[in-house]
Amino acid sequence: MKGLVFTELFRHVEALHGANMVDDIIEAAQLPHDGGYTSIGSYPFQEAVALLVALTRATGKSLPDTLDAFGTHCFERWVNYAPHFFTQQRGLFDILEGIDDFHETEVRKLYPDAELPSFLSEQRTERQLTLGYYSCKPLSALAVGVIKGAAAHVQQPVHMACEPATNARGAYTRITITLLDS
Amino acid sequence: MSLATDAPTAVLLDQVRRLERRLARQTSAREQAETLLESKSLALHELNRSLAQLNANLEQRVTERTRELDDERRHALFLAERDLLTGLPNRLMFGKHLRQVLERSHRPGAVALLYLDLDGFKAVNDSFGHACGDALLKGVGKRLSAAAGASIFAARLSGDEFAVVACGGERPEHAAALAERLIATLQHPFELEGRTVHVGASIGIALTTDAEESAETLLHNADIALYRAKVRQRGTWELFSPEMDGERLARLALERDLRAGLAKQQFEVFYQPLLEAGAGGLVGFEALLRWKHPVRGMVPPAAFIPIAEEIGLIHEIGAWVLKQACTDAMGWAPELRVAVNLSPVQFTRSTLLDHVWSALDASGLAAQRLELEITESVLMQDGEATLDTLHTMRARGIRISMDDFGTGYSSLSYLRLFPFDKIKIDRSFVQGMAKDEGSIEIIRAVIGLGRALNIKVLAEGVETNEQREMLRVEGCDELQGYLFSKPRPLAEMGSLLATVLQSGAIAEPAPEALRGAA
């Protein structure tokens, strides 16, 4: 897993809970090293799991809620990094359908070996979008957080539903986003 | 130490510990980043080096390919101006060179153009095949280059046509001397694919007459002179003069009329009787082609047969004569034969046998009544193929005669090559008989030869009773000549045939009476 995920997690935790919380979860996670991460490095996924578990223990929040919040943080960072990709004029569904494009053009050039998740549009109506979320890691809550972040970014209330699904590519999470009247 | 002072100290210590750990994490992260950056740098450096190498390779390849393309372009340019077969300059380069030379020289006669055409090339191609023809052209190219020398420009224009440009001669004699040298060098036989091949060359020469002469005019003039040389006597050169153009046009008109003559039925077969020397009995007739043109009148065979041979019309004319002669002979007494002349050119095509068979089949004439007369020049071409053709004819029962015997180069050796049925002694010997001892000796020898080889001997051109008597005494088998009858149209042969049919012989030929018979 790219070091960027760890550094972003620490940035998120520090913003929410203060710098001491970062120290604490690093200590609690019992990492095989002192917890120094660089964004361009690569680290075992297990270390991320250990840190997240430590965080849930320290905060008392569930893992999905934790991931959800981190997902929203991630989306905000993307907007910060590449605002032209996420202008509010694009509308929620266009932004969500454009995430893969953002990954391929903006993320890939910095992190060519990153294992990036994918958001594929399955069905789209004026009011509803069905996305398939594909990732080699069980982080669908993180995806939900990303979508929430996007909805908040364009100030669009939504209802979301997730269900496990399978197709030729294998198992994935189907997320249905329905626009709500504001 | 009180709790009040201890608590802040513990917090402070904890804070210090945390800061130390954060610093350690930052340091570790920075070191990791540096290591990663270094390895990335190394990788980039390697990549850059291999890119530079690739670039260098690519540049070298581009340089090489550019050179190759340049070589190819230059080679293509070279080929575009060269005749591939002989390696001589081609018509394109010849034209360029001639124009340049003409631009540079302004004195009349300063440039001589020699237009050369091979004599007998077509026969070599037809008889021995194109590979042999090509080999001949290569050989000719080599000899021309060698004979022309470095200061003179030789090119192959097309087929068997070559051109030589000579500068600075100024006098016609120089060009003529060069022409003779070229003709002489091509007269020597060529050894090609194990064969000895003889060809010759005719040359037309044109000299510049004024400063304004164009390359096209010079070439045209040389062509006309060449034409004249070929018509007059092959193996010679002619220098262009303005009046030649008229002759050339006349010849072209003759060719045109000749082609039309066959379609317009202007040809006719005349017949001249062949008689037994002893009893004077009629044995047959020689068919002789005549051309009666509505404006030209009666054109002598010597004036049109060579042209028909040259333009290939002889094949059609020959087929027509065969057919006509066989058909006419069917109206004669069954013991009478008809003799038809074959041109050497007819032997160059495989259609000859078809023409002979078709003449026999269409007329119904028995093959034994047909005699085909050839001259030794027929055997001088592709001997083997010709012999095959002759044997095939013989196998069907056709008789083969050697015409104009004694006028060629090596008649005797041809007698060994093929078992002729008849030898026809050339008229020159018969006419010289009374005047010189040599002729009668030769006639005597030929008759002896005929007896020894079991070949009938006929004497041509018998004009006097004295000649007839001498030939009879010498033992000649058959006679032919104006003494008995000149060649006449079939319609005029009626009375002669009637005489034969009644008496079976022309006992005492009465030339006047025969000539008068209509």
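Brief remarks follow.
- Mean residue ellipticity (222 nm) of chain B, computed from DSSP H runs ≥ 4 via -39,500 (n - 2.57), nearest 500: -18500 deg cm²/dmol
- Summed side-chain charge close to A:ASP101 - residues other than A:ASP101 whose Cβ falls under 12 Å, Lys, Arg +1, Asp, Glu -1: -3
- Mean Cα-pair separation over length for segment A:3-61, i.e. relative contact order, pairs under 8 Å, 6 or more apart, %: 43 percent
- The distance from the alpha carbon centre of segment B:89-122 to that of segment B:337-367 is 44 Å, rounded to a whole number.
- Estimated at the nearest 10 Å², the accessible area of B:ARG67 is 140 Å² with a 1.4 Å probe.
- 1.4 Å probe, heavy atoms, protein only - residues of segment A:35-82 losing at least 40 Å² accessible area vs chain alone: A:GLY36, A:THR38, A:ILE40
- If you sort B:TRP320, B:TRP291, A:TRP78 by accessible surface, 1.4 Å probe, largest first, the order is B:TRP320, A:TRP78, B:TRP291.
- Where B:LEU13, B:LEU116 fall by accessible area, highest first, once all protein chains stay in place (1.4 Å): B:LEU13, B:LEU116
- Share of carbon and sulfur in the accessible heavy-atom surface of the protein assembly as shown [1.4 Å probe, %]: 55 percent
- Accessible area ranking (1.4 Å probe, heavy atoms, ligands and nucleic acids excluded), largest first, for B:HIS293, A:HIS33: A:HIS33, B:HIS293.
- Buried accessible surface for the B/A chain pair comes to about 1100 Å², total over both chains, computed with a 1.4 Å probe.
- Normalised by 2.2 N^0.38 Å, with N the number of residues, the alpha-carbon radius of gyration of segment B:212-311 equals 1.53.
- The string of couplings for segment B:65-77 from the Karplus curve (6.51, -1.76, 1.60, θ = phi - 60°) is 5, 4, 5, 4, 4, 5, 4, 4, 5, 5, 5, 4, 4 Hz, one whole number per residue in order, with x for Gly and Pro.
- Taking every residue in A:15-28 and counting other chain Cβ atoms within 10 Å of its Cβ, the average works out to 2.
- Three-way shape label, segment A:57-182, alpha-carbon gyration tensor, a/c 1.5: rounded
- Environment charge at A:ARG90 (Cβ cut-off 13 Å; Lys +1, Arg +1, Asp -1, Glu -1): -3
- Percent of beta bridges antiparallel (DSSP, the protein assembly as shown, rounded to nearest 5): 70 percent
- Solvent exposure of A:HIS12, expressed as accessible area, is near 20 Å², computed with a probe of 1.4 Å over the protein chains only.
- Restraint check, B:LYS230/B:LYS424; B:LYS122/B:LYS230; A:LYS2/A:LYS148, Cα-Cα greater than 18 Å: B:LYS230/B:LYS424; A:LYS2/A:LYS148
- Farthest toward positive dipole pole in chain A [+1 Lys/Arg, -1 Asp/Glu at C-beta], among A:LEU131, A:ALA152, A:GLY98: A:LEU131
- Over chain A: helical MRE at 222 nm, DSSP H runs n ≥ 4 each giving -39500 (n - 2.57), nearest 500: -14500 deg cm²/dmol
- Contact order for segment B:91-242, expressed relative to its length and based on alpha carbon pairs under 8 Å spaced 6+ residues apart, stands at 32 percent.
- Placed amide H near B:THR236: partners under 5 Å, 5+ positions off or other chain: B:ILE203
- Heavy-atom accessible area for A:ASP113, with the other protein chains in place and a 1.4 Å probe, reaches approximately 100 Å².
- Averaging Cα coordinates gives a centre for segment B:423-460 and one for segment A:122-182; these two points are 124 Å apart.
- GluC sites (Glu not before Pro) within segment A:93-165, DSSP loop, no more than 12 other Cβ atoms inside 10 Å: A:GLU115, A:GLU126
- Surface analysis of the protein assembly as shown yields an accessible area of 50 Å² per residue, using protein heavy atoms and a 1.4 Å probe.
- Global form of segment B:262-409, assessed from the alpha-carbon gyration tensor, a/c cut-off 1.5: rounded
- Cα centre as origin, Lys/Arg/Asp/Glu Cβ charges: chain B dipole, Debye: 1440 debye
- Other residues within the sphere of radius under 9 Å centred on the Cβ of B:GLY461, judged by their own Cβ, net out at -2 (K and R +1, D and E -1).
- Summing Cβ point charges (Lys, Arg +1; Asp, Glu -1) relative to the Cα centre of the protein assembly as shown gives a dipole of roughly 200 debye.
- Prolate/oblate/rounded call for segment B:262-516, Cα gyration tensor, a/c under 1.5 rounded: rounded
- For segment B:24-46, a drop of 30 Å² or more in accessible area on going from the chain alone to the assembled protein chains (1.4 Å probe) is found at B:ARG25, B:ALA29, B:GLN32, B:LEU36.
- Amide H contacts of B:ILE398 (H built 1.01 Å from N, in plane; Pro and chain starts excluded): no residue 5 or more places away or on another chain comes under 5 Å.
The values are calculated or read from the model by the stated rules, or taken from the named source; none is laboratory data. Predicted model, so just to flag it, every value in this text is computed and none were measured. Note that we place each Cβ from the backbone using ideal geometry, even for glycine, and neighbour counts take in every protein chain shown. Just so you know, the surface numbers come from the protein's heavy atoms only, side chains and all, with ligands and any DNA or RNA stripped out. Shrake-Rupley method; radii C 1.70, N 1.55, O 1.52, S 1.80 Å.
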